[in-house]
Amino acid sequence: MRTFNVPTREEVSTESQAIFDSLKNQIGMVPNIYATIGYSGNALASYLAFQGAQAKGTFNAKEREAIFLAVSQANGCAYCQAAHTALGKMNGFTEEQTIALRKGESENPRLQAIVALAKDITENRGRASESNVEEFFAQGFDNAALVDLITLIADKTLANYLHNLTQVEIDFPVAKPLEEEAYA
C-alpha cells in the first residue's frame, strides 16, 4: 500500500502554508491530521471553516468532544481516539470517562443520549434505533440538535477516514485500547 507522509510546510500550497502558520500561532503546532488534509489547501480551509461553524451549534465543547470520541471509536480511528482523548481531558473528562464515551456510554443522562445516538448513527450509516432517537429527544433536544449531531458525525468521519487510509503518525498520546477493540 502507498505510504503517506505528513507534508511539511514547504510541500503544500501557499493557501495551506498560511493555514499552517495560523495553526502554529494559535495552538503551537500543526496536528498531523490537519497537515495531511493540507495536501489540498481547499480541503483544509473548508474543513477548518466547517469546524469553526459547528462551535456555534447546539453542543458545547465538552459535548462535541464526547461525540468525537464515540464516532472515532465506531470508525476505528486510532489518531482521532488519541486526539480527542487528550482534548476530552482538557475539557474536564477523566481517563475513565473518555473510555466510556468511546463505548457510547456515560453516567450523565444527557451525554448518554448524545453518545449512544452518535455511535448508533455512525455504526449504522445514518440509521439509528428508534429508542436512541427518542431518548435523544426526551433529553430536550430538537430537530436542529439532531442535524447538528449529524454534522459533527460527518466532520469526524472525514478525519477518521483520512487517517484510516493514510495511517499518518499519531502526534498525541495514544488512547488506551478497549477490550473488545478489533481494529488493526
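Can you tell me which residues in the range 79-98 are crowded, with 21+ Cβ neighbours inside 10 Å and in a helix (DSSP H, G or I)?
Tyr79, Cys80, Gln81, Ala83, His84, Thr85, Gly88, Thr98
Within the range 161-180, track down each residue that is touching a helix residue (DSSP H, G or I) at 6+ places or on another chain (Cβ under 8 Å) and not in a loop (DSSP other than H, G, I, E, B).
Of everything in the range 161-180, those that are touching a helix residue (DSSP H, G or I) at 6+ places or on another chain (Cβ under 8 Å) and not in a loop (DSSP other than H, G, I, E, B) turn out to be Leu162, His163, Thr166.
Tell me, which residue of the range 40-76 that is in contact (Cβ under 8 Å) with a residue 60 or more places away in the chain and hydrophobic (A, V, I, L, M, F, W, C) is surrounded by the fewest Cβ atoms within 10 Å (Cβ to Cβ)?
Only one residue fits best here, namely Phe50.
Checking Leu87 against (1) touching a Phe, Trp or Tyr at 6+ places or on another chain (Cβ under 6 Å); (2) under 25 Å from Pro177 (Cβ atoms); (3) free of Cβ contacts under 8 Å to residues at least 24 places away in the same chain, which single condition isn't satisfied?
Exception for Leu87: condition (1).
Do any residues in the range 108-137 that are among the hydroxyl-bearing types (Ser, Thr, Tyr) have Cβ atoms under 8 Å from those of residues that are assigned to a loop (DSSP other than H, G, I, E, B) and surrounded by 18 or more Cβ atoms within 10 Å (Cβ to Cβ), where the two are at least six apart or on different chains, and which pairs are they?
Hits for this filter: Thr122/Asn75.
Here are Ala53, Ala70, Ala116, Ala66: which of them is touching a Lys or Arg at 6+ places or on another chain (Cβ under 6 Å), in a helix (DSSP H, G or I) and at pLDDT 95 or above?
The unique qualifying residue is Ala70.
The values are calculated or read from the model by the stated rules, or taken from the named source; none is laboratory data. This is a predicted model, so every value here is computed, not measured. Backbone-built Cβ (ideal geometry, glycine too); neighbour counts: all protein chains shown.
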